[in-house]
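First comes the structure, then the notes that go with it.
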Amino acid sequence: MSTTLPANISEETVRKLSEDREEPEWLLETRLGALAALDDADLPDVIQTPGRRWTNLEQLDFEELADPLAQTEERDLVVPDSDVEVLSFVDALDSHEDVVRDSFGTVVDPERDYLTALSVALFSSGTLVYVPEGVDAEDVKIRTRMEGRSLFNHTLVVTEESSSVTILERQSSEPYDGEGMRYYSGLVEIDAGENSYVQYGSLQDLSEETYNYTLKRGVTDTYSTVNFVEGNLGSRLTRSDIETELNGDSSETKIVGAFFGHNDQHFDVNARVWHQAEHTTADLVTRGVLDDEARSVYEGVQDVGRDAWDTNSYQRENTLMLSDDSEADASPKLIIHNHDTEASHSATVGQVDKEDLFYMTSRGIPPLTARNMLVEGFFVPVLEEIAVDELREDLEEAIAARLR
């Protein structure tokens, strides 16, 4: 389903954004191509059953939400003491234009759908993480705090042969003086070179008057690894897509997700992997908790191609509901075109186990404390998968704070 292009988003707007940043002609043309695609682009696909769409993206009124020429944010880049380059797009285009040009828009199709094309056309905040051959970098941190009504952000990660990097990116928002809803859009492209390793973690804690759209996508080369970890706590509505295309022989990916919704929050979380080469491995793990009238939608897809011999692919998703008014749907999928595959998928939705709760309260633990202990325990299998210590600790603290 397509949507109408707002009057305040025009070719003049896009040219102004590009001109203010002194961008090269090729990047302006990419922006303008994405803008032109909006006329015929559809919104991202959502799961639907007869008479019902599980996520209503049509409610996004960009005439009200998008203020392209007034995007403001506070951004911190923390760079470890190594040869890794962590640069704003403005600086990256000065010093590494060839790296940006060769990878930008190759992992994420700029004209993929309406929300992606809108982000490519209008992004004002961008970061390049460039890891040269043989460089090992840990603790790269990107902190973005949205200040205005809308913000369009783009992160590009490029790793050369036999390099490695660990990245932690946070999205939050400052108090907003205006009225109505806000909009945050974040695209992440990871172009992993041969025998390289990328661990990308993100923690989203936007204010609950914010609509949030993120697409994180990685492409692997031979023997390379791309791992994603995502925590979602904030926003009114989040649409999150995390994807890896395993194009290199013996490449791997792990996608780990956690969300905790309350009030009337809505999380639409999607994890997808394409096995295109031989001897590839994927592991998709997601756990979420819902309270009050919160809602979640999960779709996980494992697609094994015809040439993907000796594939290992696993998926599991579990949602715990703390309220009778909360709602969860899950749709795991296996698409297998090669018989030399070991794969599994599962999804469960349930409430706190009454026997466990009774056992704990019968031993003198107050009911609320017992429930909170069970929720914290529910998240442990996901937290144990998080190799980034700071992200794991921050997520644990955020979960505990929400329970309080």
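The values are calculated or read from the model by the stated rules, or taken from the named source; none is laboratory data. All of these numbers come straight from a predicted model, not from anything done at the bench. Cβ: placed from backbone, ideal geometry, glycine included. Neighbour counts: every protein chain shown. Heavy atoms of the whole protein, side chains included, go into the accessibility calculation; ligands, DNA and RNA do not. Shrake-Rupley method; radii C 1.70, N 1.55, O 1.52, S 1.80 Å.
Provide a single number: the residues in segment 148-170 that are over 22 Å from ARG31 (Cβ atoms) and either among the aliphatic types (A, V, I, L, M) or in a strand (DSSP E or B) (or both).
The number of residues fulfilling the criteria is 8.
Cβ-Cβ below 9 Å, separation at least six or inter-chain, first residue in segment 95-116 and at negative phi, second open to solvent by 20 Å² or more (accessible area, probe 1.4 Å) and polar (S, T, N, Q): which pairs?
From residues that are at negative phi, the pairs are PHE104/THR30; PRO110/THR30; TYR114/SER2; TYR114/THR3.
Of all strands (runs of 3 or more DSSP E) completely enclosed by segment 309-404, which ones contain at least 2 residues that are open to solvent by less than 60 Å² (accessible area, probe 1.4 Å) and in contact with a helix residue (DSSP H, G or I) (Cβ under 8 Å, 6 or more places away or on another chain)?
Answer list for segment 309-404: 311-321.
Can you tell which of VAL100, VAL107, VAL90 is closer than 17 Å to TYR197 by Cα and of a type in the set (Val, Ile, Thr)?
Every option except VAL107 fails the conditions.
Being under 24 Å from LEU237 (Cα atoms) and either free of Cβ contacts under 8 Å to residues at least 12 places away in the same chain or among the small types (Gly, Ala, Ser) (or both) is the filter here; which residues of segment 151-189 pass it?
Going residue by residue through segment 151-189, those that are under 24 Å from LEU237 (Cα atoms) are 151-155, 168-189.
Result: SER172, SER173, ASP177, GLY178, GLU179, GLY180, SER185, GLY186.
ARG239 - would you say it is in a strand (DSSP E or B), open to solvent by 20 Å² or more (accessible area, probe 1.4 Å) and out of contact with any His (no Cβ under 7 Å at 6 or more places or on another chain)?
It is false that ARG239 is in a strand (DSSP E or B), open to solvent by 20 Å² or more (accessible area, probe 1.4 Å) and out of contact with any His (no Cβ under 7 Å at 6 or more places or on another chain).
Do we have any residue at all in segment 291-305 that's among the aliphatic types (A, V, I, L, M), closer than 24 Å to ASP264 by Cα and over 17 Å from the mean Cα position of the chain (by Cα)?
yes
Name the pairs whose Cβ atoms lie under 6 Å apart, with the first residue in segment 309-320 and within 22 Å of SER250 (Cα to Cα) and polar (S, T, N, Q), the second open to solvent by 20 Å² or more (accessible area, probe 1.4 Å) and part of a strand (DSSP E or B), and 6 or more positions between them or separate chains?
From residues that are within 22 Å of SER250 (Cα to Cα) and polar (S, T, N, Q), the pairs are THR311/THR341; ASN312/THR281; ASN312/GLU342; SER313/ALA343; GLN315/PRO332; GLN315/HIS345.
In the list THR214, THR210, THR225, THR238, which residue meets the criterion of being farther than 20 Å from TYR114 by Cα and modelled with pLDDT of 95 or more?
From the options THR214, THR210, THR225, THR238, the qualifying one is THR225.
Is it the case that segment 251-264 has a residue that's open to solvent by 50 Å² or more (accessible area, probe 1.4 Å), outside any strand (DSSP E or B) and closer than 18 Å to HIS337 by Cα?
No, there is no match, as no residue in segment 251-264 is open to solvent by 50 Å² or more (accessible area, probe 1.4 Å), outside any strand (DSSP E or B) and closer than 18 Å to HIS337 by Cα.
Tally up the residues in segment 203-213 that are open to solvent by 10 Å² or more (accessible area, probe 1.4 Å) and either touching an Asp or Glu at 6+ places or on another chain (Cβ under 8 Å) or acidic (Asp, Glu) (or both), please. Before you say what the answer is, go through the steps one by one.
Taking segment 203-213 and keeping what is open to solvent by 10 Å² or more (accessible area, probe 1.4 Å), we get 203, 205, 207-209, 211.
So of that shortlist, the ones also either touching an Asp or Glu at 6+ places or on another chain (Cβ under 8 Å) or acidic (Asp, Glu) (or both) come out as 203, 205, 208-209.
Of the residues in that region, 4 qualify.
Filter segment 292-307 down to the residues that are open to solvent by 10 Å² or more (accessible area, probe 1.4 Å) and in contact (Cβ under 8 Å) with a residue 40 or more places away in the chain and list them by number.
GLU299
Answer yes or no as to whether VAL84 is of a type in the set (A, V, I, L, M, F, W, C), farther than 28 Å from GLU174 by Cα, in contact with a helix residue (DSSP H, G or I) (Cβ under 7 Å, 6 or more places away or on another chain) and in contact (Cβ under 8 Å) with a residue 24 or more places away in the chain.
No: the conditions fail for VAL84.
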